[in-house]
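See structure below.
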Amino acid sequence: MQSALRDIHAQRLLILDFGSQYTQLIARRVRECGVYCEIYPFDITDAEIVEFSPAGVILSGGPETVTEGTTPRIPAGVLQLGVPVLGICYGLQAMAAQLGGEVVASNLREFGHAQLEAEQPSNLLGSMFNEAHQVSVWMSHGDKVAALPEGFVCTASSANAPFAAIEDPTRRFFGVQFHPEVTHTDKGEALINRFARDICGCQGEWTPANIVDDAIAAIRTQVGNDKVVLGLSGGVDSSVVAALLAKAIGSQLTCIFVDNGLLRKNESEEVRAAFSGAMGEGTLAELNIKTINAQREFLDKLAGVDDPEAKRKIIGATFIEVFDREATALQDVNWLAQGTIYPDVIESAASKYGKAHVIKSHHNVGGLPERMTLKLVEPLRELFKDEVRKIGLHLGLPPSLIYRHPFPGPGLGVRILGEIKPSYADVLREADAIFIQELRASDLYDQVSQAFAVYLPVKSVGVVGDARRYEHVIALRAVETIDFMTARWAHLPYEFIEQVSNRIINEIAGVSRVVYDVSSKPPATIEWE
Ligand code: XMP
């Protein structure tokens, strides 16, 4: 049966990373065209390039300048492969410089929107211009091409980039100074589609349905009749892994769901419901979930601890202990499933090459205990988060789970400031549930990236009815962000905040005051601890 499956990785593009902040975006856009691609550092060897056997290559932008001799260059192997090559920004400049053109530092940096003007008909740009002569594109460059290499023509220009798009139709080498991968470029996706599908001749096999079929076949081949254990958290990644494995190997999978006492209200019930309710009949409905009530164990260990990092460490270590114990108690399990996704793989590869990048190491709570001897099955290793979401929906998981805000590994533990007490967690759970419920009721949930309540154990006076109340404070936090590295506090309507505040104070006895957090990141972090 499996031999009938087509190889959805066969037609693929190679993306060489010159250090642009947009490199992953290029890959995501290529994948959105239905074409598989992988990202590698610009200095991979010619042998690796040949072995990868791409149908085309895209060179990313980057922060350096080709006007200096020591900066990154395109590996010779790329230009000798005989496949189409598209250079973006720095990629264009490197191509121009290496093939005999000239690149100079420009006095006028171009940053932001620019009008791209058609100079000559171009197969690549035709996808953007259609009948128009001008199109708005996103630029971010200091250097510019000043003279073309032999064989190239200029196909478009902008005010500060006379050679904003160039190509050598014979060798099928293309370069664009602007960034087609960012959404600010009008019809940038059409250009990438034209390159990946028409110019490189890839057919568009990379679809959610094909990815799921491929992953299921791969899982079956990898684990055979063995048993697999998975830590199910209720987050998107572990849920999609669970759904894939359930489809692939059914009852060979056991999911362990650890209730650490710091989960949101009804978390464990909601995770179960996500698998059974929406699925109805079928393998997912029968997902084998073992819920471990370890509230006591976590909360006892956390008693008296008020340092945020110490709390994180205890929660992380206790999770591993509990998970290990429960996994070991299962008979004959020899595989551990994990929700590693492609950006994690790229980041660890980049660190091998010693490139500068940012890792939020404290976020990887619940990693594999080193002494566990389980083999790893990681069915999402090739996927970006948006692809994980798409296949999750394809597998029938409910959108409310797929588009849920992220929830940190240490859970409410970093949202109760200082020492964690069970009674604080109970109050916080209720307040958080009200906030989230109201966000959903007002259609605001999907407009913010993350929203939650925080428990501030400072006492403040209030009057409810005729009674004086001297209780703690709840802070509401809601942010808008793309990457969680920077964030703006969400400008939620006053009436909405008022409604949430009224409900929290009226419905929860242990709260005397509600405040709204108006700090952006940086300098404030998203979580309060
Ligand atoms: P910060 O607070 O660093 O949060 O601005 C950025 C994003 O990371 C999440 N976060 C965590 N996730 N373990 C996690 O799994 C953690 O210890 C942790 N701390 C913060 C936070 O919820 C936000 O989405």
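The values are calculated or read from the model by the stated rules, or taken from the named source; none is laboratory data. Keep in mind that this is a model prediction, so the values were computed, not measured. Using ideal geometry, Cβ is built from the backbone for each residue, glycine included, and neighbour counts are taken over all protein chains shown. Keep in mind that these areas ignore ligands, DNA and RNA; they rest on the heavy atoms of the full protein, side chains included. Shrake-Rupley method; radii C 1.70, N 1.55, O 1.52, S 1.80 Å.
Structure data summary
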{"read-out": "Flag for R171 being part of a loop (DSSP other than H, G, I, E, B), modelled with pLDDT of 95 or more and not polar (S, T, N, Q)", "value": "yes"}
{"read-out": "Selected residue [open to solvent by less than 30 Å² (accessible area, probe 1.4 Å) and acidic (D, E)] from E205, E267", "value": "E267"}
{"read-out": "The one condition in (1) polar (S, T, N, Q); (2) surrounded by fewer than 23 Cβ atoms within 10 Å (Cβ to Cβ); (3) in contact with a Leu (Cβ under 6 Å, 6 or more places away or on another chain) that T155 fails to fulfil", "value": "(2)"}
{"read-out": "In the range 422-442, the residues that are within 16 Å of the ligand (Cβ to nearest atom) and surrounded by fewer than 20 Cβ atoms within 10 Å (Cβ to Cβ)", "value": "I436"}
{"read-out": "Residue that is of a type in the set (G, A, S) and farther than 16 Å from R29 by Cα, where the choices are G204, G234, G188", "value": "G234"}
{"read-out": "Criterion (exposed (fewer than 15 other Cβ atoms within 10 Å of the Cβ), assigned by TED's automatic domain parsing to the domain that holds W138 and on the phi > 0 side of the Ramachandran plot) met by exactly one of G19, G82", "value": "G82"}
{"read-out": "Of all residues in the range 161-193 being more than 25 Å from the chain's Cα centre (by Cα) and among the basic types (K, R), the one that is farthest from N130 (Cα to Cα)", "value": "R171"}
{"read-out": "Pairs, first closer than 16 Å to P308 by Cβ in the range 514-529, second of a type outside the set (A, V, I, L, M) and near the ligand (Cβ under 8 Å from one of its atoms), C-beta under 7 Å, six or more apart", "value": "I526/Q450; I526/F484; E527/P408"}
{"read-out": "Selected residue [surrounded by 16 or more Cβ atoms within 10 Å (Cβ to Cβ), at pLDDT below 95 and in a helix (DSSP H, G or I)] from F298, F275", "value": "F275"}
{"read-out": "Number of positions in the range 443-492 that are touching a residue at least 40 places away in the same chain (Cβ under 8 Å), surrounded by fewer than 15 Cβ atoms within 10 Å (Cβ to Cβ) and within 12 Å of the ligand (Cβ to nearest atom)", "value": "1"}
{"read-out": "Residue within the range 500-508 that is under 22 Å from D259 (Cβ atoms), outside any helix (DSSP H, G or I) and more than 16 Å from the ligand (Cβ to nearest atom) present", "value": "yes"}
{"read-out": "Residues of the range 200-235 that turn out to be more than 30 Å from N293 (Cβ to Cβ) and of a type in the set (G, A, S), as a count", "value": "7"}
{"read-out": "Qualifying residue in the range 39-62 (condition: of a type in the set (S, T, N, Q), open to solvent by less than 20 Å² (accessible area, probe 1.4 Å) and in a helix (DSSP H, G or I))", "value": "no"}
{"read-out": "Pair list, Cβ < 7 Å and 6+ apart or interchain, from the range 309-330 residues that are within 17 Å of L263 (Cα to Cα) and touching a residue at least 24 places away in the same chain (Cβ under 8 Å) to residues that are more than 11 Å from the ligand (Cβ to nearest atom) and part of a helix (DSSP H, G or I)", "value": "K311/L302; I315/F298; T318/E297; T318/F298; T318/K301; V322/E297"}
{"read-out": "Pick from the range 509-522, criterion away from the ligand (no atom under 16 Å from the Cβ) and either farther than 23 Å from K459 by Cβ or aliphatic (A, V, I, L, M) (or both), ranking: most open to solvent (accessible area, probe 1.4 Å)", "value": "A509"}
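Rundown of residues vs (1) open to solvent by 10 Å² or more (accessible area, probe 1.4 Å); (2) within 19 Å of T328 (Cβ to Cβ); (3) modelled with pLDDT of 95 or more, yes/no style:
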residue	(1), (2), (3)
A209	yes, no, yes
I219	no, no, yes
G224	yes, no, yes
V229	no, yes, yes
G234	no, no, no
V240	no, no, yes
S251	yes, no, no
I256	no, yes, yes
G261	no, no, yes
